[in-house]
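The values are calculated or read from the model by the stated rules, or taken from the named source; none is laboratory data. In this text the structure is predicted, and so the values were computed from the model without any measurement. Here the Cβ positions follow ideal geometry from the backbone for every residue, glycine too, while neighbour counts run over all protein chains shown. The accessibility values were calculated without ligands, DNA or RNA, using every heavy atom of the protein model including side chains. Shrake-Rupley method; radii C 1.70, N 1.55, O 1.52, S 1.80 Å.
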Amino acid sequence: FGLAVIGTIHPEKILSNDRAKPGDSLILTKPLGLGIITTAAKNGEDKLGAIQDALKVMTTLNRAAAEVIIRIGVHALTDITGFGLLGHLRNVTSASHVSARIFLDQVPVLPAAWEYVKAGIAPGGTHANHRFLADWVIYAPNLTKEEQLLLCDAQTSGGLLAAVDSQNADLLLNEMRSEGIEKAAIIGCIEDGTPGKIFVERKSEP
């Protein structure tokens, strides 16, 4: 089918992916793992019945999150779809001429996705993302291949990823949770470095 989005927007109110700034916090609004779980369901391997949780995430609009983002204000914004979290973040960092750091333990993930990816279940798009990002992402030595794949997982109707001034990050997060966006989380930060580069660690230093 064909799809067209028609409308108008004030040129000074466009939220693009090319204005992230060093020191910004990165906030993700939906959990990852949709591609892995839907692949398990298609292959008859969804033994945990996780497709229902995945469907709930996919059918939840990003409207409430977008309204909070507009109200509070962010520097850069992207959705998370086929290129996965790290793929779309690479686009942000490349366009903004910055680098980024992600903390795996802070990234929201649908629980079943961990079990399925460890069992070798992941869509072809996720593997393709992982291969493409090999030149852009530096993973900490203690991260497993399965953990890397999950961060590259191709999403359908995923969440939003916002780069926001660190002073406003907690406010933005609290506002989202008050709107029922309970899985929203601060997952990393923007840094001054080689454009497009992403560093992934297990957790942030206290």
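Some observations on this one:
- For T126, the criteria (1) under 15 Å from G23 (Cα atoms); (2) open to solvent by less than 60 Å² (accessible area, probe 1.4 Å) hold in every case but one, which is (1).
- Flag for E182 being free of Cβ contacts under 8 Å to residues at least 24 places away in the same chain, under 25 Å from D53 (Cα atoms) and within 16 Å of the chain's Cα centre (by Cα): yes
- Wholly enclosed strands (runs of 3 or more DSSP E) of segment 113-206 bearing at least 2 residues more than 28 Å from T39 (Cβ to Cβ): 160-164, 185-191
- Qualifying residue in segment 169-179 (condition: more than 23 Å from G87 (Cβ to Cβ) and polar (S, T, N, Q)): yes
- Test for K183: is it open to solvent by 70 Å² or more (accessible area, probe 1.4 Å) and under 18 Å from A66 (Cα atoms): yes
- Any hit, segment 170-178, residues being open to solvent by less than 30 Å² (accessible area, probe 1.4 Å), in contact with a Phe, Trp or Tyr (Cβ under 9 Å, 6 or more places away or on another chain) and not charged (D, E, K, R): no
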